Amino acid sequence: AHVYALLLFGILEGLDMLDLRRLLADLPALEARARASSSTEVREALGSATKLQKASLEGVRARLDKILRLPSMRLMLGAKSCASFRDILNSKILVADVGSPPLGCGDIGAFWSAFLMLKVTRSIFERTQVDTTRPVVVVADEWQQGLLAGGDVVEQFENVLATARSRAVHLWMISQSMTGAAKVSSSLPEVVATNTTLQLLGRAAIKDARL
């Protein structure tokens, strides 16, 4: 709850992740700004920041420190702006490589996979009828990694696939095995198979081929 309130506070105040981490080191300043927030949730969660249990604060700090531990992450998450994915779908070619993280950085790769999935999904829903005159192809390798952020994302994925078709966004989803998708949600392989026009299988497991 405190992490959510802190991120909400950052969005409302136009603060980046580094700004929020600095405020966690200055609880009186965080408390004063939270009390003046327009959000009831922020005021209730952080309006008494100096009185919060030490364990709760340390947990929030640990989460931010974990994602900000690399200099490159601090640069990216400290940026004041972000590329418009809607503009990218309309007129750009984007190659996003989250890499093959070395031991200890798998969580960072997962973070960016979820971030990209969220941004692409929102840009699909933002497309207008005029935008649909320009079809778009989105190729996603190991796409299921982008759905690990939470169950609610998986529950909405069928709607995402249906909306993508109506908005002229063609999703080419590549996976080494549908077993990985089943680990995210047992119903995910069936959802994808039902909403896929063409399936290409190469050296597939019997279970995958039957889908």
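Being at negative phi, touching a helix residue (DSSP H, G or I) at 6+ places or on another chain (Cβ under 7 Å) and either exposed (fewer than 11 other Cβ atoms within 10 Å of the Cβ) or at pLDDT 85 or above (or both) is a property that L68 has.
Taken as a whole, the structure places L147 among residues that are among the aliphatic types (A, V, I, L, M), surrounded by 12 or more Cβ atoms within 10 Å (Cβ to Cβ), under 28 Å from M73 (Cα atoms) and touching a residue at least 40 places away in the same chain (Cβ under 8 Å).
A32 meets all of the listed conditions (1) at pLDDT 90 or above; (2) more than 26 Å from C82 (Cβ to Cβ); (3) crowded, with 17+ Cβ neighbours inside 10 Å but one, namely (3). Checking each residue in region 178-194 for being outside any helix (DSSP H, G or I) and buried (at least 16 other Cβ atoms within 10 Å of the Cβ) picks out only S185.
Among the residues that make up region 131-148, is at least one of them in a helix (DSSP H, G or I), under 17 Å from the mean Cα position of the chain (by Cα) and either acidic (D, E) or under 20 Å from T197 (Cβ atoms) (or both)? Yes; the residues of region 131-148 include at least one that is in a helix (DSSP H, G or I), under 17 Å from the mean Cα position of the chain (by Cα) and either acidic (D, E) or under 20 Å from T197 (Cβ atoms) (or both).
The values are calculated or read from the model by the stated rules, or taken from the named source; none is laboratory data. Here the structure is a predicted model, which means the values were calculated and not measured. Cβ: placed from backbone, ideal geometry, glycine included. Neighbour counts: every protein chain shown.
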